[in-house]
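**Student:** Mind having a look at this structure? Questions to follow.
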Amino acid sequence: MNNQWMYIQTGIEKNAGTILLNRPEVLNALNTKMVSEIVQAMENFDQDQSVKVIVLQGAGRAFAAGADIDEMLDKNSIELELLNQFSDWDRIARIKKPIIGAVHGFVLGGGFELALCCDILLASQNTEFGFPEAGLGIMPGAGGTQRLTKLIGHTRAMKWLLTGERFWAADALRYGIVSSIVPDELLVEETEKMAEAIAKKPLLSVRLIKESVHKANELSLTEGMQQERKNFYILFSSEDQKEGMRAYKEERKADFKGR
Ligand code: COA
């Protein structure tokens with residue numbers, strides 16, 4: 001693990017770049033410096049050729065229990081406008097490599113918003129999700145009202161955002177927020193398996209699939225289909241497409257080069 005950071009730890013193993021949120025004494029409450037470290041680490045991994053997939057997880061008994069209330073308590077609107085902290089969050093949407101969120105414990109407020117920025121979410125059975133912001137006299141500001149609504153629909157998003165009630169991983173699975181639930185003790189192992197499976201795939205296929213799926217949230221069906229088709233064609237200029245198809249025909253394991 002790399003200790004150049006104040007609030008996170010990073011490391012690379014088997015082509016997966018891991019970011020560990022590491023303020024367990026405050027349940028990984030996200031302050032602005034921590035968010036900027038997370039985003040910087042993601043960008044570093046995005047540029048690092050040895051990394052194929054990024055994994056985000058939390059140390060201690062939470063993934064993250066929200067934005068740091070102590071940091072926000074005395075802020076006023078003008079300070080927040082000048083701080084422009086959400087520009088860091090916006091950079092997450094520009095990461096090209098897939099991000100797997102492996103969540104456990106509390107996934108609340110900003111922690112939930114960070115989880116919703118991930119491409120795939122695995123949750124351990126003991127995970128509790130929620131948006132407590134309304135009870136604090138604020139509201140989500142890093143995409144919570146938008147991403148949750150797109151994911152689970154108007155009325156369910158309203159329920160969780162307005163009541164602030166917490167819900168368990170089983171509900172998150174039922175609503176499609178997480179892709180799977182695993183026993184607590186298997187979270188790390190199952191995340192590694194998923195990261196390894198993705199890391200073995202040709203880099204360009206992974207990259208363009210991620211891009212196309214993201215477009216599905218932003219474009220009309222016709223525009224999205226056009227964009228998908230262009231990406232499909234682009235892959236036929238890659239060496240890995242020839243290698244993948246030839247290897248299939250020759251009944252051997254493909255040797256992908258990421259080009
Ligand atoms: N910001 C700052 N500190 C936080 C925090 C947050 N969002 N969430 C937890 N902490 C701190 C607590 O203040 C506490 O610090 P202390 O030991 O110095 O008192 C420490 O983390 C442990 O939390 P604690 O409340 O003692 O744990 P718990 O198991 O009793 O309760 C929670 C866990 C998550 C239910 C509770 O901490 C909580 O409600 N946190 C706030 C969640 C929230 O509103 N998030 C949205 C913020 S916009």
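The values are calculated or read from the model by the stated rules, or taken from the named source; none is laboratory data. All figures in this text were calculated on a predicted structure; none of them were measured in a lab. Cβ atoms come from the backbone with ideal geometry, glycine included; neighbour counts cover every protein chain shown. All accessible areas refer to the heavy atoms of the entire protein, side chains included, with ligands and DNA or RNA removed. Shrake-Rupley method; radii C 1.70, N 1.55, O 1.52, S 1.80 Å.
**Student:** Using the Cα centre of the range 1-84 as the reference point, and only Cβ charges (+1 on K/R, -1 on D/E), how large is the resulting charge dipole? Debye, rounded to the nearest 20.
**Tutor:** Values: 6 positive and 12 negative charges, 81 e Å.
Using Cβ point charges on Lys, Arg, Asp and Glu, the range 1-84 gives about 400 debye.
**Student:** Please report, as a whole percent, how much of the solvent-accessible surface of the chain comes from carbon and sulfur atoms (probe radius 1.4 Å). Present the calculation step by step, with values, prior to reporting the outcome.
**Tutor:** Working: 7680 of 14410 Å².
C and S atoms contribute 53 percent here.
**Student:** Please report Rg (one decimal) and Dmax (integer) in Å for the Cα set of the range 1-148.
**Tutor:** Computed over the Cα atoms of the range 1-148, radius of gyration and Dmax are 14.6, 45 Å.
**Student:** Among the lysines, select those whose C-alpha is under 19 Å from the C-alpha of residue 201, and discard any that sit fewer than 8 residues away in the same chain.
**Tutor:** 14, 52, 96, 97, 193, 210, 242, 249, 253, 257
**Student:** Between residue 248 and residue 180, what is the spin-label point distance in nm, taking each point 7 Å from the Cα along the Cα→C-beta axis?
**Tutor:** Reported label-point gap for residue 248 and residue 180 is 2.3 nm.
**Student:** In addition: Spelling out what I want: for every residue of the range 190-203, take phi, set θ = phi - 60°, compute 6.51 cos²θ - 1.76 cosθ + 1.60 (Karplus), and round to whole Hz; glycine and proline get x.
**Tutor:** Using θ = phi - 60°, the values come out as 5, 5, 4, 4, 5, 4, 5, 4, 6, 4, 7, 6, x, 3 Hz.
**Student:** How high is the relative contact order of the range 212-258, given as a whole-number percent (alpha carbon pairs under 8 Å, six or more residues apart)?
**Tutor:** Values: 23 pairs, mean separation 12.1, N = 47.
Result for the range 212-258 is 26 percent.
**Student:** Restricting things to Cα coordinates, could you compute the convex hull volume per residue of the chain in Å³? Don't skip to the end; give the middle numbers.
**Tutor:** Working: hull volume 37.5 nm³, N = 259.
Hull volume normalised by residue count: 145 Å³.
**Student:** I've got another one for you. Under a point spin-label approximation (7 Å from Cα along Cα-to-Cβ), what is the residue 40-residue 239 distance to one decimal in nm?
**Tutor:** 3.4
**Student:** Further, regarding this structure: How much net charge surrounds residue 65 when only the other residues with a Cβ under 15 Å from the Cβ of residue 65 are counted, with Lys and Arg +1 and Asp and Glu -1?
**Tutor:** Working: positive: 23, 61, 166; negative: 25, 68, 70, 71, 113, 128, 133.
Charge balance near residue 65 sits at -4.
**Student:** Counting only helical runs of four or more DSSP H residues, what would the 222 nm mean residue ellipticity of the chain come to if each run contributes -39,500 (n - 2.57) and the total is spread over all its residues? Before the final figure, lay out each step's value.
**Tutor:** Numbers: 12 runs with 121 residues, N = 259.
It comes out at -14000 deg cm²/dmol, rounded to the nearest 500.
**Student:** Say we join alpha carbon atoms closer than 10 Å with springs in a Gaussian network model of the chain; which of 127, 18, 155 then has the biggest fluctuation?
**Tutor:** Highest fluctuation of the listed residues: 155.
**Student:** Hey, another quick one. Evaluate the charge dipole of the range 58-116 about its Cα centre and quote only its size in Debye, nearest 20, assuming +1 on the Cβ of each Lys and Arg and -1 on the Cβ of each Asp and Glu. Don't skip to the end; give the middle numbers.
**Tutor:** On the way: 6 positive and 9 negative charges, 111 e Å.
That gives the range 58-116 a dipole magnitude of about 540 debye.
**Student:** Then there is this: Using +1 at the C-beta of Lys and Arg and -1 at the C-beta of Asp and Glu, which of 235, 176, 258 has the Cα lying farthest in the positive direction of the dipole of the chain?
**Tutor:** 235
**Student:** Quick check: with the 1.4 Å probe, what order do 97, 230 take by accessible area, largest first?
**Tutor:** Numbers: 97 20, 230 135 Å².
My answer, sorted largest first, is 230, 97.
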